[in-house]
Amino acid sequence: MGHVGKFILRTLKQEKKSLRWLARESGVSNSYLSQLTRGLFKPSPEVLIKLAPPLGVEPRKMFEEAGWLKPKTAKKARAKRK
C-alpha cells in the first residue's frame, strides 16, 4: 500500500491547512479523511481525484502516493520528451 495518508498530512502541514479544510474543499468527509490518513484503507480513484486540486497536485501524484501507479522517473520523463 502506498503512503497517501502521510503525503496528505505532510502537504497540509506545509500549507498550514487542516484536515477539516481539506474536507470542505474536496467534498470528502472529515471522518473518511481521518481514517485515510491513519492508513486504515486505500482510497478509490474517485476520492484521489477529488483531493488533488485542493492539495495543489496532479491526480497522477495522488495515484502514485496511493500505490495505484508507479512513480515516473526523471529518466523516463526525459525520454518521452525527445
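The values are calculated or read from the model by the stated rules, or taken from the named source; none is laboratory data. Being a predicted model, the structure only gives us computed values, none of them experimental. Positions of Cβ are backbone-derived with ideal geometry, glycine not excepted, and every protein chain shown enters the neighbour counts.
Some observations on this one:
- Of the residues making up region 40-82, those that are farther than 20 Å from ARG20 by Cα, modelled with pLDDT under 95 and in a loop (DSSP other than H, G, I, E, B) are GLY67, TRP68, LEU69, LYS70, PRO71, LYS72, THR73, LYS82.
- Extreme residue, surrounded by the fewest Cβ atoms within 10 Å (Cβ to Cβ), among residues of region 1-37 that are at pLDDT 95 or above and not in a helix (DSSP H, G or I): LYS16
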